[in-house]
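Have a look at the structure below before the remarks.
The values are calculated or read from the model by the stated rules, or taken from the named source; none is laboratory data. Fair warning: this is a prediction, and the values are worked out from it, not measured in the lab. Here the Cβ is made from the backbone with ideal geometry for all residues, glycine too, and neighbour counts use every protein chain on show.
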Ligand SMILES: *Cc1c(COP(=O)(O)O)cnc(C)c1O
């Protein structure tokens, strides 16, 4: 198992130096993009559905940051479904009622086919999660949740369900390993949509699962090989290139998100701001305990769907689109996705990027006048 990364280095350094390979005379500084379906015999790799050196570089860097070993996938959903596929038929899974919409969609199908039993719970209610975990094989957490910004008490849940035998997986997409390390908090799996902050430029799909357990790591690698949700080598290269600058991008975006959240909370057109960094946020205390920062995602609520649509259409700098975690600030009324019926009509999810904070505020303030 490739448990790598020098743990004595700060995460910001690890993001830059991990996964670089040998310092061979005349060799390239970066691990090259390996476009190959097969490898010459005699080495570790044989076929490219099992192994790819560009994946390995990305996995070494991400695994180092999370404190485990990573397995890269073609997308975040490729990573999510690989973990689910490890469960036996009929297994019980506890999951957030407001889990990422694709994860919820997967559960609907798995339940309909009799593949899994899924108990949806309010992830911010630790007692409800622990009660639901009776007889469960897996507790699926997401914290903060997308897009309601719910915070799960990861350490308390891990400790409380351990005796019952349930494994815990945490979708860490919103926090990234720089702000939250679920393996340290007792989780068995960390799942990422690396499409988002990790790659960070809205130009590829990628995913990963990280674990500190070598058996689970082997099982995940086998799932990747047999399910075939393999990351393209070019995407692996770009995801690693994005990861190199994650610390600086995230620091900038997070500082701006905090500033915008405070100003939005005072804006007359905004009825609610969901951001765990605000002292009045219901998740603030738990987030402060388990995260080293509150991240660059926030959601706001305005009067109704029409007002939210008008605001989203009125921005000039901020891009009105789905997805998140890029250098550009994006926003979206999430309820426009029919599946997301647990989201308030007038909720706008904002992914804060790296533009100048005052340009973003001016854009938001002007757009909010359209409410
Ligand atoms: C986007 C997202 C996913 C799915 O990732 P893809 O890369 O789009 O497949 C999973 N979880 C969360 C929290 C996400 O935001």
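So the values come out like this:
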| quantity | calculated |
| --- | --- |
| Which listed residue is at pLDDT 95 or above, closer than 22 Å to residue 17 by Cβ and more than 12 Å from the ligand (Cβ to nearest atom), from 152, 236, 206 | 236 |
| Filter result for residue 169 (under 27 Å from residue 295 (Cβ atoms) and assigned to a loop (DSSP other than H, G, I, E, B)) | no |
| Single residue of segment 130-158 satisfying the filter (outside any loop (DSSP other than H, G, I, E, B) and within 17 Å of residue 287 (Cα to Cα)) that is farthest from the chain's Cα centre (by Cα) | 156 |
| Filter pass, residue 285 being surrounded by fewer than 15 Cβ atoms within 10 Å (Cβ to Cβ) and assigned to a loop (DSSP other than H, G, I, E, B) | no |
| Flag if residue 299 is surrounded by fewer than 20 Cβ atoms within 10 Å (Cβ to Cβ), touching a residue at least 12 places away in the same chain (Cβ under 8 Å) and within 16 Å of the ligand (Cβ to nearest atom) | no |
| Test result for residue 181, under 19 Å from the mean Cα position of the chain (by Cα) and either crowded, with 24+ Cβ neighbours inside 10 Å or part of a loop (DSSP other than H, G, I, E, B) (or both) | yes |
| Residue 345, sole failed condition from (1) touching a helix residue (DSSP H, G or I) at 6+ places or on another chain (Cβ under 7 Å); (2) outside any loop (DSSP other than H, G, I, E, B); (3) more than 14 Å from the ligand (Cβ to nearest atom) | (2) |
| Lone qualifier among 94, 83, 16 - being within 16 Å of the ligand (Cβ to nearest atom) and either in a helix (DSSP H, G or I) or buried (at least 23 other Cβ atoms within 10 Å of the Cβ) (or both) | 83 |
| Residue among 201, 192 that alone is within 14 Å of the ligand (Cβ to nearest atom) and surrounded by fewer than 24 Cβ atoms within 10 Å (Cβ to Cβ) | 201 |
| Residues being outside any helix (DSSP H, G or I) and more than 14 Å from residue 85 (Cβ to Cβ) - total across segment 206-258 | 10 |
| Residue that is surrounded by fewer than 20 Cβ atoms within 10 Å (Cβ to Cβ), touching a strand residue (DSSP E or B) at 6+ places or on another chain (Cβ under 6 Å) and closer than 19 Å to residue 148 by Cα, where the choices are 261, 257, 305, 265 | 265 |
| Single residue of segment 103-129 satisfying the filter (in contact with a strand residue (DSSP E or B) (Cβ under 9 Å, 6 or more places away or on another chain), within 23 Å of residue 344 (Cβ to Cβ) and part of a helix (DSSP H, G or I)) that is nearest to the ligand (Cβ to nearest atom) | 103 |
| Matching residues, segment 159-176, being within 15 Å of the chain's Cα centre (by Cα) and on the phi > 0 side of the Ramachandran plot | 176 |
| Odd one out for residue 76 among (1) surrounded by fewer than 17 Cβ atoms within 10 Å (Cβ to Cβ); (2) under 14 Å from the mean Cα position of the chain (by Cα) | (1) |
